[in-house]
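In what follows, a structure is listed as structure tokens, so that the remarks can point back to it.
Just so it is clear, none of the values below were taken in a lab; they were calculated from the coordinates. Model, not experiment: these values are computed from the prediction. Ideal geometry is used to build each Cβ from the backbone, glycine not excepted, and the neighbour counts take in all protein chains shown.
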Amino acid sequence: MQNSTNPKLTPAYLSGLVQAYGGFHIAVDRSKSNKLGIRVTPKLILSQHISAKPFFKDLMNYLGVGHLTTNKNEVQIVVNSLPQIKQEILPLFDLYPVRSGKLISYLMFKQVVEMMELKKHLTAEGLAQIIEISYDMNLVSQRKPERKLELLKSIGFEQGVTVKNPIIPIVPPMDPLFVSGLTDGDGSFFISFRANRRIVVSYTVIQESSCKEVLTELTEYFNCGAVYDLPSAASRFQVENLDKLINHVIPHFAEYPLHTVKKEYFEIFSQVCHLLKKTVHKTDEGLQQIIDLAYNMNKEGKGRRLTKEEFIQKMKAKSSPKKGFLCETSKTSKSWRYSLNWFERIRIYWKGQSNLEISWSSAKPVLAGRPSL
């Protein structure tokens, strides 16, 4: 690791960042210049929106290896030099491991790198094992089994070969800086304005289903929150209890700061949480203060359906609904009521208590409980 213009970047933070939007890959491509006709390239890739380019430049300076690539929408750090991976990347992730499903991918990645160090990729049997490992690393990728069989047949193997599974080590407890890196990648701070001056705040982290255990660890680390399975192949950790946000979540990021634009979002989020604790939103002046803070929090307000002034008017509106706003269901004896509120979500009320919520979509909605997290 080299010196960076950001002295607070650390290996543990980088590990959390890779857990979020990094990946370990083994590229297997046809190559006429190779004796067996196949070239193997191990790669560590970190990808993010193009707006993160300045941060990625700093991150690459910290790593001291790799190169930066950009296109219209994306910036990437790619490390694909075998010596650099062996000397810099493997020692880092051995000491500061990624977790859950991504740890398994890393161990397979390391297995291939070590095989290449021993020149096993230059033999048919070793190359066949590497092909098997590369296809097992990312089962949710778009690689097709037919392609794997074609590659194996090209080097004399009609069927797959047996590869030993890596031994999964016991990882240390979650490092605070890992949590900050993970959040800079896959975390979000939400401020949701709802009717009748109701403002809901939440902190979330999303991981693909193979890494759900990471989210369970977050509930233990923060001593709060819950984990929900999403309709997609992912899960979400969420904390939306105001006291727990103030007492558990906010102190963490005050001590172990973020480094991307999310640092600005967090600072706004923290201010809003403390204002809500003081119930200032119950006054027009306090409500105005919170809206001024939060309205431009994400993408400078772009894409919002309401202007800031319309937001304020909706929030100040009386609690009684307009005519036709509520309707009773007619095919059930239970007193369900459906309400389309002003911020375009569908909420379900049971006997007047807003403790359940669904999002409206053309698909069959999935009902989810909303406990105090």
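Some values worked out for this structure:
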quantity	calculated
Neighbourhood charge, 9 Å Cβ-Cβ cut-off, centred on residue 184 and excluding it, Lys, Arg +1 and Asp, Glu -1	+1
3J(HN,Hα) from dihedral phi, segment 210-216, Karplus parametrisation 6.51/-1.76/1.60, rounded to Hz, x for glycine, proline	5, 10, 4, 4, 4, 5, 4
Hits among aspartates and glutamates - C-alpha to C-alpha of residue 308 under 18 Å, sequence gap 8 or more where chains match	284, 285, 292, 300, 344
Whole-Hz ³J(HN,Hα) from phi, Karplus 6.51 cos²θ - 1.76 cosθ + 1.60, for segment 247-262, glycine and proline x	8, 10, 7, 4, x, 4, 6, 6, 8, 10, x, 7, 10, 9, 4, 5
Likely footprinting exposure, 180, 232, 105, fewest C-beta neighbours within 10 Å first	232, 105, 180
Eligible aspartates and glutamates near residue 263 by straight Cα distance, threshold 14 Å, same-chain separation 8 or greater	184, 186, 255
For segment 35-185, convex hull of alpha carbons as volume per residue, Å³	136 Å³
For segment 176-319, alpha-carbon Rg relative to the globular expectation (2.2 N^0.38 Å, N residues)	1.08
Packing-based order for 264-271, 125-132, using average beta carbon neighbours within 10 Å, highest first	125-132, 264-271
Kirkwood hydrodynamic radius of segment 66-147, Cα pairs, Å	14.4 Å
Segment 279-290 - phi-based ³J(HN,Hα) in whole Hz, Karplus 6.51/-1.76/1.60, Gly and Pro as x	6, 5, 5, 7, 9, 4, 5, x, 4, 4, 4, 5
Ordering of 86-93, 167-174, 16-23 by burial proxy (mean other Cβ atoms within 10 Å per residue, highest first)	16-23, 86-93, 167-174
Packing-based ranking, highest mean first, of 29-36, 192-199 given that Cβ atoms within 10 Å are counted	192-199, 29-36
